[in-house]
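Enquirer: Pasting a structure here, questions to come.
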Amino acid sequence: MPPRRLLAAALLMGLFTTAAQADEGMWMPGQLSDIAAPMRAAGFRGDVRTLADVTRPPLSAVVRAGGGTGAFVSGDGLLLTNHHVAYGVIQYNSRPERDIIEGGFIAAGRSDERPSNPDFRVLVTVGFDRVTDTVLEAARGLQGRAYFDAVDAASKRIVADCEQAGDVRCSVANMYYGTDFYRIRQLELRDVRLVYAPPRAIGNYGDEIDNFMWPRHTGDFTLLRAYVSPDGRPADYSPYNVPYAPPAHLQIARTGLHAGDFAMLAGYPGVTFRHRTADEFEAQVTRTLPQRVAVFDALIAAVEQAGQGDADVRTRYAAQLQSLKNNRKRAAGELEGLRRSDAVTQRREDERAMLAATPAATRGEIDALRTVLAEGDAMGERDLLLGLVASQTQLMRAALLLERLRLESARPDGERETGYQRRDHALIEGVLRQAQRRYAPAAEKALMTVLIGRYQQLPDAQRLPAFDAAFGRTPESLARALDTLYAGTRLGDEAERLSRFAAARDGRALADDPLIALAGPLVAAQLEIEHARKSRDGEQLRLRPAYMQALFAWRASQGRAVYPDANGTLRVSYGRVEALSPRDAVTYAPVTTVAGIVEKHTGQAPFDAPRPLLDAIARGDFTGTDEPSLGTQPVNFLTNLDTTGGNSGSPVLNARGELVGLNFDSNWESVSASWWFDPRLKRAIHVDMRYMRWLMAEVYPAPALLEEMGLPAR
């Protein structure tokens, strides 16, 4: 049976027979009509058909915000997301003389709302259509790089045709690993401004000690506002722009949830790997995650050392340091969780049984897939380190970006690498501009020392002549090279970066600079790596559908559904408020209150609750935002909703579709759920909207914003 027919069969057999597993699943909106019965049985009271349409409420109010999710909460473009999702926006507007990371921010009016960093985007999904046949038509019969190029070219044509109408940004999403493809149309809002952010000791109360932990007492929320040109079209920042009128906005509930109550979440989860092979599970546990933990530890130490005694460096690298800490803890938690659940053994046994029930021809393709995966795994640590060079630096990243843009601009636009086409110029310019407030020479050299220093220790088979020539093979040669490069570069000046951007986008030669000169051979080496990767990716696109075909059939025989792994597209999950019992004799209630803030308070970061908050708690006036069954103010709550990275900022809705919570974290025991879902331990952590309302009414008042959201000031 063809893979797509098996997919349909698996869904039809599995979706209606898995009530006990209904809490697992990140469903595409178009799949929700098929699971209407279990959703209603779980407690949903709305019309499931409205959830299948991304252009209708409530999904039309849910957007991609930066690296996470957000939701419109007023008709004037007011957008609610996490404090940590908007942390880069907050950092970008902070100065040593006015540190709004520490002190928080409340705009005095719309004219006081602060522009976000130039590369921050809000994406509003306005279309989601299946294009599988169009994407795969020219790829049939091809292999390797040719297969990849055929899929890539077809996807670019679809995107180009989609964007001809203007004002939308389009993409093609790969579902079920090369089995199904969808065209996604999104409005790209580029003028996004900071409206309200609580102080660090509320928005990030507990910091890394509490990160991925329960009980939690964090007010992890921030309000932004999206703007457009006076004619309603997406535009760069301008004081003449007007608030965006979203197609819908969510209404914040006046009441909360209780244990067992239905809950639903919509958002843009990043990546999950639950349908990967047993070999990939093993590589993740034995190699990839230990490598990630080690390198993140070293990067964190480098940034912290560079910021000692220098408030300006600490401010410039605050958002990056927070991201590094989060990624490090996530990798460590994922590693511990996969080991604790013995996920490798369980996946291996499940796969072995699946293959025993799979036709020989399909097994042959799966064997070929395993060979390709092993080739990529052999270069995994090198690719990790060089990828971090391009993402964790500012000036080195700018030089590599500019050189690659120069090379790509010499080609017809439709043939350029994704990320370097004319449609990408505004975002590239934003990346080059934001560096001005996020760069310090000593910090960048420290980061490069960590990354290239670790690269120097790799075996010869993973080394690249261009990188060896640039930095040598010893710590001493690396130090000399970095001192020379950063003493001589002029890319620390925004005007120097932008003048070269103007040349690069026209395909012209770039003005001399030590980093620009170095970028030439380094980009050439990157292109060699990229060619090998695309050849492997082409084979994976061709061969993974065979693995998915076997998985569809195997899961259908078990009466289980196969939802697509997360890939940054809009998804919906549903479940209930549920307590957590992570180990013997330990049970956690699903709700925390302000009493826990006081109990944790030490007066020292990260448990240094602000005095206005402590005073308000002591007054005990929680009228209108309290939880009657507890007689006090709730702060956070737990559900068993299926989430992962990217779901930060996702709105949590009650059975009537009202906004009751804001997703911001998972418990430690479930960090590994991106690979292995365990319903006994998977919990998501949310800000109770009543806590946000109370803070905005009683502690750091913003009555105009409460009124805008249709909420009482008290």
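The values are calculated or read from the model by the stated rules, or taken from the named source; none is laboratory data. Keep in mind the model is a prediction, meaning the values are calculated, not measured. Every residue, glycine as well, gets a Cβ built from its backbone with ideal geometry; the counts of neighbours run over all protein chains shown. Side chains included, ligands, DNA and RNA excluded: accessible areas come from the protein's heavy atoms. Shrake-Rupley method; radii C 1.70, N 1.55, O 1.52, S 1.80 Å.
Enquirer: Can you give me the three principal axis dimensions of the range 474-518 from its C-alpha atoms, in Å, biggest first?
Expert: Principal axes ranked by extent give 38, 19, 12 Å for the Cα atoms.
Enquirer: Stick to the Cα atoms of the range 392-491, pair each with every other, and give me the Kirkwood hydrodynamic radius in Å at one decimal.
Expert: 15.2
Enquirer: Let me ask another. For the chain, report the accessible area per residue in Å² (1.4 Å probe, heavy atoms, rounded to an integer).
Expert: Solvent-accessible surface per residue comes out at 38 Å².
Enquirer: So, one more: From the mean inverse distance of alpha carbon pairs (Kirkwood) and the Cα radius of gyration, derive Rg over Rh for the range 582-707.
Expert: A ratio of 0.99.
Enquirer: For the range 605-681, state which trypsin sites (Lys or Arg not before Pro) are in a DSSP loop and have at most 15 other beta carbons lying within 10 Å of their beta carbon.
Expert: Arg656, Arg680
Enquirer: Same structure, new question: What figure, in Å² to the nearest 10, do you get for the accessible area of Trp554 with a 1.4 Å probe and non-protein molecules left out?
Expert: 50
Enquirer: Additional query: Could you work out the local net charge near Arg438, counting Lys and Arg as +1, Asp and Glu as -1, over the other residues with Cβ closer than 11 Å to its Cβ?
Expert: +2
Enquirer: Using 0.36 nm per residue of separation minus the Cα-Cα distance, give me the extension gain between Phe273 and Ala248 in nm, one decimal.
Expert: Taking Phe273 through Ala248 to full extension adds about 5.8 nm, to one decimal.
Enquirer: If a/c stays under 1.5 just call it rounded; otherwise compare a/b with b/c (prolate if a/b is bigger, oblate if not). Do that for the range 263-418, with a ≥ b ≥ c from the square roots of the Cα gyration tensor eigenvalues.
Expert: oblate
Enquirer: Charges at C-beta only: +1 for Lys and Arg, -1 for Asp and Glu. How large is the resulting dipole of the chain about its Cα centre, in Debye rounded to 20?
Expert: That gives the chain a dipole magnitude of about 740 debye.
Enquirer: What net charge do the residues around Leu338 carry, taking every other residue with its C-beta under 11 Å from that of Leu338, with Lys and Arg at +1 and Asp and Glu at -1?
Expert: Once positives and negatives cancel, what remains is -2.
Enquirer: Follow-up question, since we're still on this one. Could you point to the residue in Cys162, Thr132, Gly178 farthest towards the positive end of the range 105-241's charge dipole, with +1 and -1 charges on the Cβ of Lys/Arg and Asp/Glu respectively?
Expert: Cys162
Enquirer: Between Tyr240 and Glu208, 0.36 nm times their residue separation minus their Cα-Cα distance comes to what?
Expert: So the chain would gain 7.5 nm between Tyr240 and Glu208.
Enquirer: Assign unit charges at the C-beta atoms only (+1 for Lys and Arg, -1 for Asp and Glu), then state the dipole size of the range 462-506 relative to its Cα centre in Debye, rounded to the nearest 20. Before the final figure, lay out each step's value.
Expert: On the way: 7 positive and 7 negative charges, 32 e Å.
Charge dipole, the range 462-506, about its Cα centre: 160 debye, nearest 20.
Enquirer: Sticking with this structure for a sec: Where does the charge balance sit around Trp675 when Lys and Arg score +1, Asp and Glu -1, over other residues with C-beta under 15 Å from its C-beta? Walk me through the intermediate numbers first.
Expert: On the way: positive: Arg274, Arg276, Arg287, Arg292, Arg330, Arg339, Arg340, Arg347, Arg348, Lys682; negative: Glu24, Asp279, Glu280, Glu282, Glu334, Glu336, Asp342, Asp350, Glu351, Asp565, Asp642, Glu669, Asp678.
Result for the local shell: -3.
Enquirer: What's the magnitude of the charge dipole for the range 104-239 around its Cα centre, counting Lys and Arg as +1 and Asp and Glu as -1 at the beta-carbon? Answer in Debye, nearest 20.
Expert: 100
Enquirer: May I ask which residue of Leu388, Ser409, Leu373 lies farthest towards the positive end of the charge dipole of the range 362-412, with charges of +1 (Lys, Arg) and -1 (Asp, Glu) on Cβ and the Cα centre as origin?
Expert: Selected residue: Ser409.
Enquirer: Here's a follow-up. At 1.4 Å probe size, with the rest of the protein present, what percent of the exposed accessible area of the chain is carbon and sulfur atoms?
Expert: Roughly 52 percent of what the probe reaches on the chain is carbon or sulfur.
Enquirer: For Trp668, Trp675, write out the residues from largest to smallest accessible area, computed with a 1.4 angstrom probe and no ligands counted.
Expert: In descending accessible area the options line up as Trp668, Trp675.
Enquirer: Go from 0 up to the bin containing the longest alpha carbon distance in the range 417-571, width 10 Å each, and give me the % of pairs per bin.
Expert: Once binned at 10 Å, the Cα pair distances of the range 417-571 give 8, 25, 28, 21, 12, 6, 1.
Enquirer: Okay, moving on. Quick check: from the Cα gyration tensor, does the range 60-219 come out rounded (a/c under 1.5), prolate or oblate?
Expert: prolate
Enquirer: Multiplying the sequence separation of Ala509 and Arg583 by 0.36 nm and subtracting their Cα-Cα distance, what value in nm do you get?
Expert: 20.4 nm
Enquirer: Between His531, Gly103, Tyr227, whose Cα lies farthest towards the positive end of the dipole of the chain when Lys and Arg beta carbons carry +1 and Asp and Glu beta carbons carry -1, centred on the Cα centre?
Expert: Going by the Cα projections, it comes out as His531.
Enquirer: In deg cm²/dmol and to the nearest 500, what is the mean residue ellipticity at 222 nm of the chain if only DSSP H runs of at least 4 residues count, each as -39500 (n - 2.57), divided by the residue total? List each step's numbers first, then the result.
Expert: On the way: 27 runs with 309 residues, N = 714.
Result for the chain, helices only: -13500 deg cm²/dmol.
Enquirer: Could you list, bin by bin from short to long, the percent of Cα-Cα pairs of the range 226-304 in 10 Å steps?
Expert: Going from the shortest bin to the longest, the percentages are 12, 17, 19, 24, 26, 2.
Enquirer: What is the log10 of I(q)/I(0) for the chain, computed with the Debye formula using one identical point scatterer on each Cα and no solvent, at q = 0.05, 0.10, 0.11 Å⁻¹?
Expert: Debye intensities relative to I(0), on a log10 scale: -0.24, -1.05, -1.31.
Enquirer: Would you mind checking the pairs Lys445/Lys600; Lys329/Lys600; Lys329/Lys445; Lys600/Lys682 and listing those with alpha carbons more than 31 angstrom apart? Kindly include the intermediate steps, with their values, before the conclusion.
Expert: Working: Lys445/Lys600 37 Å; Lys329/Lys600 21 Å; Lys329/Lys445 24 Å; Lys600/Lys682 25 Å.
The answer is Lys445/Lys600.
Enquirer: Taking the full set of protein chains and a 1.4 angstrom probe, give the accessible area of His601 in square angstrom, rounded to the nearest 10.
Expert: Here the residue's solvent-accessible area equals roughly 60 Å².
Enquirer: Where does each of 370-376, 695-701, 169-175, 393-399 land if you order them by average Cβ count within 10 Å, highest first?
Expert: Details: 370-376: 15.1, 695-701: 21.1, 169-175: 19.6, 393-399: 24.0.
Most protected by this proxy first, the peptides run 393-399, 695-701, 169-175, 370-376.
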